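Reviewing the structure listed below.
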Amino acid sequence: MNDAVAGLVWLSVNGLLAVAAWRVGGRCFPGDGVRQRVIHALIVAWAIVAGAGIVLGSVGGLTPAALLASVAAVSGGVLGWCLLTEARDRHGVHRESGWSRILVGWDSVPTGSGRRRNRLCVCWTAAWGVLAALLGARLVLDGLTAFPRDWDSLAYHLPLMNHWLRDRTLYVPDCAFWYVPANNGLIGLWCVAPFSGDFLFALNNVPATVLLVLAAVELAAQLRLSPAVCHLTGMAVAATQPTVRQIVSAENDVAAAALFLTALVYSLRYLRRRRWADAALGATAVGLLAGVKYYALGYAAVAGAGLLLVLLARRRWTDAGKAAGWGVAGVAVWGGYWYARNFWVTGAPLFPKGFGDSADVWSELRPDSHTSTLLQSGRTEVWPMLAEAVTSAGGPIYAAAFILLPAILVWLGLSASMPGRRARSAALRRWWLIGVLALAAVVLIRTPNIVETAPGALDMLRSKYHPLRLGLCFFSLAVVGLAVMLDDLAGGVAAWRWRAVQYGAPSALRRVAWRVWRGAVFTVFAVAVIYQWYVHLQPLVSVEMLLLTVNLFLAVVLVALAASPPLGYRRSAAVVVLVGLSLAATWGCHSLGQRWHRDYVAHYDGFFRTGVYAQAAALDPDRERIAVCDYRYYAFLGSRRQFDVCRPLWLPDQAALLDYLDDRQVTIVVARPRDPQAKRWYAKFHGWISDHPDHFETIHEDSEYILVRTLDRLRSNLNP
């Protein structure tokens, strides 16, 4: 399919999916505001796309046309159900009014009234608009108009999607990391599948980033924090190096944090109202979280355990049973496939880690992998290094949340225990927060690879990026805990005001003291948030980025003004937006596709300082099968995914290499003359190839790569 036509079709299906997901949220939660509706819609849409991918991939029918048709059919069915049920109940849909609520939708956060509320709404809308425009400009300049460069995207996220499309299944042993859960990868697949290349790969984490921000704000609102703190909490949680980096990559740590906070939001909602819809969407979020990556399993368990412990403590046996049932069903439906597939193929659901009688390949790969966790590293220097990494990749708010975690837990416990100071429901929410924070901390210290990827290397801690991204679920929740304590400190002046009245302090003095103190706390919080965003965005800012940011912001403002009173051109604005998106989809996809295929080889030859990609691109894709013995092997798949490529995860000796090449019927082998990585999985491959010219014929060799052809006598020697 032509990329321009594919872009228009893809946009149309996305529109149908968005409308269906939005109507489901309104139908199941008629009293919710826009922010909550967007959260509901994102979870429903994610579940539809992931479910379609899992079903098609498990039966070998994962083609672009089948994926588009399946998502369209399910979305159409869901929308039809909503329309039919609404026809029977005309009052079942909650309708919002006012463009300001559509833009921000902080209606569940208690705010002032009248002019003050309108001014606050405009201010917060403008602040969020600036941040969205900045991230949008980065997405366009460093994502949509650039080639993927980060390690994980080139090593397995993007190759995994390409293998899925080539083999039409989710079981692709030619990819070294075929076994990883990939619910976020299915969103990436949805972004690239209809097109001739992966030029829309950067859209992969847009839904996750939006969900992370909204879930953080909603969690703060559920904890009954003040409006300003709710907004600042959402901004603080998103102001990290992982968020800024992953907005243009295919990594999945932001997705895990977003789903974790969302599951916690639904837990609090279920505790308050015990509605089946909250349980269902909460279970869906937990299931999607369990299927994102291995360490997310622990946080999925934390989200479920926190809810169940509170219900059991309150002796809500029936509600606990229902919640447990929903949770098990959600994990089985939305996350169970990946683990069932691994068990079916290898006997180990967490392959390469095996338990019991299962083959424990992980112990062969990493015999001392326990040293990569904070709990079992056995070195005192890891904690100062972790604090330094969190400060560098997060900022002062994340550093404070990590360092002050014991104080936060004590504060929450004391504030929940003070008699007569808090309602029972407020105290319960705080005890719940203590529990999930403590359990999440346990998962953090048990997470592999936070410290290092090889014994004694400490490479992950030294990078300062990986510890925060691998622990983003915990650290994001810790920031919410810090926000609770700050909000208490700011609001605690109310008690001091009451005491000042007892001692006869003038009323004007009381008001001034209260406002100064509260303003000082909020100002410190706001300045720290702005500083975090500045630190992470400033190195990326250019004149082009600033100009594009201004243009994006003004475009949204113009549409908002046209659709809001007193002009009220909402239908005209909608038509303009639809026409603009359609033109962008057709022209943009065509232009991006042409540039992608034209500059693909030259970019990666320059990026890796080699000429091997030009040599590989000249090969006949119908006659060659390429084995790449390197980590970042994505570029060898070709700009059109035309090459049949495989990558071994780990081979212990030359005999295993020869067996692998013969088993996969490999004709071309790529290796690197040196392996600077700590794990050194491919350190000996170049020597094995160079030392046996009777098995391999060199086609290209430079300082970075060697490209050889396997000789016919290799197969004759292996198969006498």
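Quick one: grab the alpha carbon gyration tensor of segment 227-352, order the square roots of its eigenvalues as a ≥ b ≥ c, and give me rounded if a/c is under 1.5, else prolate or oblate depending on whether a/b is larger than b/c.
Oblate is the answer for segment 227-352, as a/c is 1.5 or above yet b/c matches or exceeds a/b.
Could I have the simple spin-label model distance between Val543 and Ala387, label points 7 Å from Cα toward Cβ, reported in nm to one decimal?
About 4.4 nm separates the two model spin labels.
Going by average Cβ density within 10 Å per residue, which order do the peptides 472-480, 620-628, 258-266 take, highest to lowest?
So the order, starting with the most tightly packed, is 258-266, 472-480, 620-628.
If you take every residue apart from Asp675 with its C-beta less than 11 Å away from the C-beta of Asp675, what net charge results, scoring Lys and Arg +1 and Asp and Glu -1?
Overall, the nearby charge balance is +4.
Find how much the distance from Thr698 to Ala4 grows on full extension, using 0.36 nm per residue of separation minus their present alpha carbon separation; answer in nm with one decimal.
Stretched fully, the Thr698-Ala4 segment lengthens by 245.8 nm.
For a quick protection proxy, order the peptides 37-48, 630-641 by their average other-Cβ count within 10 Å, most packed first.
So the order, starting with the most tightly packed, is 37-48, 630-641.
Could you list which residues have their amide H under 5 Å from that of Thr447, counting only those 5 or more apart in sequence or on another chain, with H placed in the peptide plane?
Leu374
Counting only other residues whose beta carbon sits under 14 Å from that of Leu707, what net charge do I get with K and R as +1, D and E as -1?
Net charge in that neighbourhood comes out at -4.
Setting aside same-chain residues fewer than 8 positions from Lys679, which lysines have a Cα under 20 Å from its Cα?
Lys353, Lys464
Mind checking which aspartates and glutamates have their C-alpha under 17 Å from Lys322, skipping anything on the same chain fewer than 8 residues away?
Within the straight-line cut-off, Lys322 pairs with Asp278.
Could you compute the FRET efficiency for Leu312 and Leu489, with r as their C-beta to C-beta distance and R0 at 45 Å, rounded to 0.05?
E between Leu312 and Leu489, to the nearest 0.05, is 0.90.
Could you name the aspartates and glutamates in cross-link range of Lys684, using Cα to Cα under 15 Å and dropping any fewer than eight places away on the same chain?
Answer for Lys684, where 15 Å is the Cα cut-off: Asp630, Asp653, Asp675, Glu704, listed by chain and number.
How far apart, in nm, are the 7 Å Cα→Cβ label points at Trp431 and Val524?
For the pair Trp431/Val524, the computed spacing is 3.0 nm.
Along Cα→Cβ, 7 Å out, is where each label goes; now give me the distance between the ones at Val130 and Gln642 in nm to one decimal.
Using points 7 Å along Cα→Cβ, the separation is 4.8 nm.
Please label the shape of segment 612-718 as rounded, prolate or oblate, based on the square roots a ≥ b ≥ c of the eigenvalues of the alpha-carbon gyration tensor (a/c under 1.5 means rounded; beyond that, a/b larger than b/c means prolate, else oblate).
rounded
What FRET efficiency do you get for Ser12 and Gln376 if R0 is 56 Å and r is their Cβ-Cβ distance, rounded to the nearest 0.05?
Efficiency for this residue pair is about 0.60.
Which three semi-axes in whole Å describe the equivalent ellipsoid of the chain, each the square root of 5 times a Cα gyration tensor eigenvalue, listed largest first?
45, 30, 25
Residue by residue through segment 305-311, what is 3J(HN,Hα) from phi via Karplus (6.51 cos²θ - 1.76 cosθ + 1.60, θ = phi - 60°)? Round to whole Hz and write x for glycine and proline.
5, x, 5, 5, 5, 5, 5
For segment 570-628 and segment 1-57, what is the separation of their Cα centres, given in Å?
Segment 570-628 and segment 1-57 have Cα centres separated by 25 Å.
Readers should treat all values here as calculations from the given coordinates under stated rules, not as data from a laboratory. What you are looking at is a predicted structure, and each value in this text was computed from that prediction instead of being measured. Cβ: placed from backbone, ideal geometry, glycine included. Neighbour counts: every protein chain shown.
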